[in-house]
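Inspection log for the structure reproduced underneath, given as structure tokens.
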Amino acid sequence: MKTIGVKAASAEYPVYVGRELFAQIPRRLGLGKTQRRVFVLTSAEIWALWGRRFLAAFPQSAQPTALFLPPGERYKRMAQVERLAGEMAASGADRSSLLIAFGGGIVGDLGGFLAAIYMRGIEYAQVPTTLLAQVDSSVGGKTGVNLAAGKNLIGSFHHPRAVFADLSVLQTLPERELRAGLYESVKAGIIRDAALFRFMERHAEAILRREPAALERVIAASIRMKAEVVGIDERESGLRMILNFGHTLGHAIEAATGYRRLLHGEAIAWGMLAALRIARERGTVSAGEAERMERTIAAYGPAPGFRASVETLMAAAGRDKKNRAGSRRFVLPRGIGDAVVVEDVTDAEMEEAARWVLREARRAR
Ligand SMILES: NC(=O)c1ccc[n+]([C@@H]2O[C@H](COP(=O)([O-])OP(=O)(O)OC[C@H]3O[C@@H](n4cnc5c(N)ncnc54)[C@H](O)[C@@H]3O)[C@@H](O)[C@H]2O)c1
Ligand SMILES: [Zn+2]
């Protein structure tokens, strides 16, 4: 097992990465002796697969009360937060209660937000069960829910007490979800960790076969990268923006396809390819290094194709909350393991990249 420390401005906590971690959760959260109530937010799907083993790890005195969120992005909404808070209140949750978010990024984001506002904030822990949630969403303290007007428009920074990234639970993760998460790890390599990039470039097969040692290395390195960035810039006023590599057009692609056609990571794969186009055109990155990045992204695919009009895509990119008025912000790679945030990408440059990505995506299956 590896332990990675997150040291952000407002919180410090450990992220544990390894196999069979359930047994360690109660002790590491100090639940052995206390009388505090423990709640676990999960989904019926995950509970059916892992619930029995999860509960078996807890002593009789600290058996968690299970709360359920229906699967799907459309349930990452305020209405569910209110319903769940009501259920917690009815079961006697107080300010000393602990919530464990046990699921993918949706459960983690909503669970973290519920913990942030229940009685003005209670402690919570993350037990992420998708690769995406392990390498990305469970670390960094961003929590929240969607509005009809857009994704993650309501939220709060609320860090967990600890994160348990258990490789064992990934055994049941559908192949497509695994690949989608791995794109975020490729992203981590491209923007800040050349060694991780090279490892993922060389060992795609072993990683996709879920060989524990290979997977553990990728997950730990991705978390370490994110922890480091969040440690330097918790509130995304500078460095943390580089985590948005591939996300400017990626978010636009998700929106333009109604959040149905592609998984988040898949849209990011397309978004990274589009950003690489811009970087190539500008000469920010060499053709040779850009090709290696493109090949490595492709090695974890193929990402499914999609159709949208360039107008829809441009309009959707305009609505991204991360855009400052009047300019297009993009994260562009400068080389393997090195990226910059630029504020001056023109509409014409972005439109060219959008047209290119739409052509490629139409050809893909
Ligand atoms: N807070 C952040 O910093 C941050 C960062 C990135 C993404 N996100 C958010 O994360 C969410 C996406 O998360 P996700 O990709 O984990 O999707 P998800 O939570 O929808 O999970 C994907 C699917 O996999 C199933 N599943 C989860 N674990 C499983 C397992 N071990 N075995 C079998 N099936 C399993 C789930 O039930 C679900 O159907 C989005 O809402 C996104 O906004 C947040
Ligand atoms: Zn992402």
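Assorted remarks:
- Altogether, the Stokes-Einstein calculation at 25 °C and 0.890 mPa s, with the Kirkwood radius of the range 110-260 over Cα pairs as Rh, returns a diffusion coefficient of 150 µm²/s.
- Across the range 144-259, Cα pairs under 8 Å and at least six residues apart give a relative contact order of 18 percent.
- For the range 81-164: rounded, prolate or oblate by the Cα gyration tensor [a/c cutoff 1.5]: oblate
- Cα centroid separation, the range 7-36 to the range 81-111 (Å): 17
- Pairwise FRET efficiency - Lys33 versus Thr65, Cβ, R0 = 22 Å, nearest 0.05: 0.70
- Distance between the modelled labels on Glu12 and Glu294, one decimal in nanometres: 4.6 nm (7 Å Cα→Cβ projection).
- Centroid-to-centroid separation of the range 220-288 and the range 158-198 [C-alpha atoms, Å]: 14
- Our analysis of the range 4-65 gives Rg over Rh at 1.00, with the two radii drawn from alpha carbon positions and Rh computed by the Kirkwood formula.
- Cut-off under 5 Å, modelled amide H: who pairs with Val340 long-range: Leu332, Arg334
- Length-normalised contact order for the chain - Cα pairs under 8 Å, 6+ apart - percent: 15
- Violating pairs (Cα-Cα greater than 28 angstrom) within the set Lys2/Lys151; Lys2/Lys76; Lys33/Lys226; Lys2/Lys187: Lys2/Lys151; Lys2/Lys76; Lys33/Lys226
- Close amide-amide hydrogen proximity is noted between Ala125 and Leu99, Ile100, Ala101, Arg161, each under 5 Å apart and 5 or more residues distant or on a separate chain (H modeled in the peptide plane; Pro and chain starts excluded).
- Taking each residue as 0.36 nm, the span from Lys2 to Ala56 lengthens on full extension beyond its C-alpha to C-alpha distance by 17.1 nm.
- Within the chain, the percentage of alpha carbon pairs spaced more than 39 angstrom apart rounds to 13%.
- Two-decimal ratio, the range 30-86, of alpha-carbon radius of gyration to 2.2 N^0.38 Å: 1.28
- Cα gyration tensor category, rounded, prolate or oblate, for the range 222-365 with a/c compared to 1.5: rounded
Here, each number is a calculation from the coordinates, and none is a lab measurement. Here the structure is a predicted model, which means the values were calculated and not measured. We place every Cβ from the backbone using ideal geometry, glycine too, and count neighbours over all the protein chains shown.
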